[in-house]
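The values are calculated or read from the model by the stated rules, or taken from the named source; none is laboratory data. Please read all numbers here as calculations on a predicted model, not as lab measurements. Virtual Cβ from ideal backbone geometry, glycine too; neighbours counted across all protein chains shown. Surface areas here come from the heavy atoms of the whole protein model, side chains and all, with no ligands, DNA or RNA. Shrake-Rupley method; radii C 1.70, N 1.55, O 1.52, S 1.80 Å.
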Protein chains: 2
Amino acid sequence: MHLHPLDDLVLDETTKGIPPGASVRLHDVASMGWNILRGDVPLPAAIIRESALDHNSRWMQRFLAKRNAVIAPHVKTTMCPQIMQRQLRDGAWGVTVATLHQMKVCRRFGIDHIVLANQLVGRLELDALVAELNASPDLDFYMLVDSLEGVRLASAAVGRAGPGSRQIQVLVERGYPGGRTGSRNNDMALEVARAARAAPQLRLCGVETFEGLIKPKDGRPAQAVADFVDEIGALYETCAAENLFERAPPIVTAGGSSFYDIVVDRLAGSGAQVMTRSGCYVSHDTGVYEAEQKRILAATGENEGLINALEVWARVQSCPEPGLAILTAGKRDFGTDSGLPVPLFVSRDGASPQALTGCEIFASNDQHAYMRFPATVLVTVGDQIGLGVSHPCTTFDKWQILFLVNDAYDIVGALKTYF
Amino acid sequence: MHLHPLDDLVLDETTKGIPPGASVRLHDVASMGWNILRGDVPLPAAIIRESALDHNSRWMQRFLAKRNAVIAPHVKTTMCPQIMQRQLRDGAWGVTVATLHQMKVCRRFGIDHIVLANQLVGRLELDALVAELNASPDLDFYMLVDSLEGVRLASAAVGRAGPGSRQIQVLVERGYPGGRTGSRNNDMALEVARAARAAPQLRLCGVETFEGLIKPKDGRPAQAVADFVDEIGALYETCAAENLFERAPPIVTAGGSSFYDIVVDRLAGSGAQVMTRSGCYVSHDTGVYEAEQKRILAATGENEGLINALEVWARVQSCPEPGLAILTAGKRDFGTDSGLPVPLFVSRDGASPQALTGCEIFASNDQHAYMRFPATVLVTVGDQIGLGVSHPCTTFDKWQILFLVNDAYDIVGALKTYF
């Protein structure tokens, strides 16, 4: 891992969160002595609590090591090479990305185990991928194919690179009716797998799916996911029996941030390299994934889980009606697609944060949030409010810089994202 | 206007939209010969059609000039200094911003007529503002106050700067019950106005409101907005009669992107400098603001209106079921808060775009969109789809670079944003 691209990065007030008048190298932010609660940086600002980040990164490694699985964390969540570095240091197999752009960012930071959990189809994108493979003998890269057309397009790109080009390592993608990408049943997936095996430009290395969006009509997603993962296991068995895989062991990869426990449980003993791909575990949240975590802990008997590391801090700008506070953060600062943020803490004049109870964010605009608070809670103009979010992916992407803080909200680093 | 901060900006593949392997100065993108349809840049990519941008910028100036009003476009929409420069060149009075960060970006690009349509309350933020005022004698800046506490905090900041500091020019903000910021009635607003007038650190220059979110129970927003703007007019009259204003003419500013026609109509003849603040007119959209535009044209008798300038282009990555296409763009690439994007065009192998009819985006994930298409429309893996969006603010902020294109989708420039 090299962090060269960040060595020269100078931050100034044109980056949201950096104090007016500052001009500071990214690596020097840690030594500025800034503190969130003291108001040393303008709000809104996004923070990552280092103790929670560390805990989460190590927690997942322990969870998977016990279950004989590995993780290629989906780094679309943070797109932060410094966080990726931490995940790899703690034992992640590699990373997962969604696009060529994300893959190129990871390459720039020296990451050489990458799953692109999509099927590239554009000529420019595929040619760039093949060029990267041929320029980087150590790059261990996998992408998906879910159709004969996908196999044909990928093969053609290798063909255009001429004799001596490396093959593209592919995973056949299985989906489900009504879902996103992926062959809709095992027969269709098998046909794609055979085509990939037969294509000399490709190397079939395993099977992939994404189970995270399964919404069964009976309201029992865990059972539906288990049944679906069993189908993936069966697809793997069939491909193995036909000797289609060109990697030993073949990879079976599934498992977003909601159901990875079920994935590793159902695929245990398959003989495959079981690879999960959660992105959100590393920051966790106070919304959808906090709810899923409760299920996972109950199902697995683990007695400690992930801890929320991500907060957005804003000021109370106005209290125009009793019990109503308008905050200086909005859709530009936090995700709203999986629920509005939750008010966690209040701090006044640099004092330690007090836990908030009974407060609710009930609406947001581009640059504002609307917080309802009970008469028992004293909130006033100028107060600083710490918000927890739901779905970290759509909060990280609102920030080019998040501040890494210790438990006293001292800023101990700046985390650069590449969205 | 100076664009110095962009002169040295070099773009490479770590910025979404820039081709892999490229390393190009922002100002040189225009001479690269790239074309969207030919697949010269990786998708997804966001484009602004220059002819429409030009049309919209000039259209609004003509519309307001006829009605004796000016515009300080809300640049939170684009946060693109190159677009701001165009708006100012075409006659905009200045710009509106939402935060200190946005104001500092505008200052970096030499803009010296700025309305901050919020009440700064943090000590760091207010001190930075006063420092900027004192360092920049030509800066004509206004911010809001909506409470006695706001008046006190702003006054204290000027006090901290010591004798000889410039005053902060303020506008008293009027809101409405159930709304966002702003005093809830004219009596409360008058109290704030008197306090601002009495504060030697402040200079009361006018009245402000934002009417864009009024949602009347009877479903007749235009009438509710007109009634509310009349209250603003009455507040202005009362303040003027009390000789509270310290600017001649005083400013009355209102008017987002939905109801600016009503604002200028109701305030005509007030004697104030009427200032609207639409942000979205400059790109327009194919969603909420397209709908509002129809009302405005019908109400004003104007026979031509704004034209959509903003599109996000993506590829068809997979057609896993009949009539279903999964596109390579998602919540990371377009706004979803005011409705999902609309499929406008399809292009195959570099051919001219064909208009799409009967297609619909019905869901989106972080990196994917789900498009339904009828059997009469031939869509296949690899096709390029041009999407129109609803609510430009939440699409612009997904891109650090948007491509400026001519009507043939040749890339004639790169537009840098500062979110």
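When residues of the range A:349-369 are filtered for being within 11 Å of chain B (Cβ to nearest Cβ) and crowded, with 19+ Cβ neighbours inside 10 Å, how many remain? First the steps, then the outcome.
Kept after step one, since they are within 11 Å of chain B (Cβ to nearest Cβ), are these residues of the range A:349-369: A:349-350, A:363-369.
Now restrict to residues that are crowded, with 19+ Cβ neighbours inside 10 Å: A:364, A:366-369.
Selection size over the range A:349-369: 5.
The condition of being under 19 Å from B:LEU415 (Cβ atoms) and either open to solvent by less than 30 Å² (accessible area, probe 1.4 Å) or touching a Gly at 6+ places or on another chain (Cβ under 8 Å) (or both) holds for only one of B:GLY335, B:GLY330, B:GLY323, that being B:GLY335.
Residues considered: B:GLU242, B:GLU173, B:GLU132. Of these, the only one that is buried (at least 16 other Cβ atoms within 10 Å of the Cβ), of a type in the set (D, E, K, R) and over 20 Å from A:GLY382 (Cα atoms) is B:GLU132. Scanning the range A:298-333 for residues that are under 24 Å from A:TYR281 (Cβ atoms), assigned to a loop (DSSP other than H, G, I, E, B) and within 12 Å of chain B (Cβ to nearest Cβ) yields a single hit, A:ASP333.
Which one of these is in a strand (DSSP E or B) and either under 28 Å from the mean Cα position of the chain (by Cα) or more than 14 Å from chain A (Cβ to nearest Cβ) (or both): B:LEU120, B:LEU204?
Working: B:LEU120 fails: in a strand (DSSP E or B).
Going through B:LEU120, B:LEU204 in turn, the sole match is B:LEU204.
Just checking, which of B:GLN400, B:GLN384 is within 14 Å of chain A (Cβ to nearest Cβ) and closer than 22 Å to B:ASP12 by Cβ? Step by step, each of B:GLN400, B:GLN384 is checked, and only B:GLN400 is within 14 Å of chain A (Cβ to nearest Cβ) and closer than 22 Å to B:ASP12 by Cβ. Within the option set A:GLU237, A:GLU231, A:GLU292, being farther than 21 Å from A:ASP146 by Cα, open to solvent by 40 Å² or more (accessible area, probe 1.4 Å) and either out of contact with any Leu (no Cβ under 6 Å at 6 or more places or on another chain) or part of a helix (DSSP H, G or I) (or both) holds for one residue only, A:GLU292. Screening A:ARG166 against (1) in a loop (DSSP other than H, G, I, E, B); (2) open to solvent by less than 50 Å² (accessible area, probe 1.4 Å) leaves a single unmet condition, (2). From the list A:ALA189, A:ALA195, the one residue that fits, being open to solvent by 10 Å² or more (accessible area, probe 1.4 Å), touching a helix residue (DSSP H, G or I) at 6+ places or on another chain (Cβ under 6 Å) and of a type outside the set (D, E, K, R), is A:ALA195. Listed by first and then second residue, the pairs with beta-carbon distance under 7 Å, at least 6 apart or on different chains, first residue in the range B:138-167 and without any contact (Cβ under 8 Å) to a residue 24 or more places away in the chain, second open to solvent by 40 Å² or more (accessible area, probe 1.4 Å) and part of a loop (DSSP other than H, G, I, E, B), form an empty list. If you check B:ARG180, B:ARG152 for being within 11 Å of chain A (Cβ to nearest Cβ) and part of a helix (DSSP H, G or I), only one passes: B:ARG152. Evaluating B:MET103 against the criteria (1) in a helix (DSSP H, G or I); (2) more than 10 Å from every other protein chain (Cβ to nearest Cβ); (3) in contact with a strand residue (DSSP E or B) (Cβ under 6 Å, 6 or more places away or on another chain) leaves one unmet condition, (2). Residues in the range A:57-69 include none that are within 11 Å of chain B (Cβ to nearest Cβ) and touching a strand residue (DSSP E or B) at 6+ places or on another chain (Cβ under 9 Å).
Listed by first and then second residue, the pairs linking a residue in the range A:240-260 that is free of Cβ contacts under 8 Å to residues at least 40 places away in the same chain to a residue that is open to solvent by 10 Å² or more (accessible area, probe 1.4 Å), with Cβ atoms under 6 Å apart and 6 or more places separating them unless they lie on different chains, are A:PRO249/A:ALA272; A:PRO249/A:GLN273.
A:PRO216 passes every criterion in (1) surrounded by 19 or more Cβ atoms within 10 Å (Cβ to Cβ); (2) over 30 Å from A:LEU129 (Cα atoms) apart from (1). Does B:ILE83 meet the test of being touching a strand residue (DSSP E or B) at 6+ places or on another chain (Cβ under 6 Å) and either in contact (Cβ under 8 Å) with a residue 24 or more places away in the chain or surrounded by fewer than 20 Cβ atoms within 10 Å (Cβ to Cβ) (or both)? Criteria not met by B:ILE83.
Just give me the residues in the range B:395-418 being part of a loop (DSSP other than H, G, I, E, B) and in contact with a Cys (Cβ under 7 Å, 6 or more places away or on another chain), in sequence order. Full working, then the answer.
Step one: of the range B:395-418, the residues part of a loop (DSSP other than H, G, I, E, B) are B:397-400, B:406-409, B:417-418.
Residue satisfying the conditions is B:THR417 alone.
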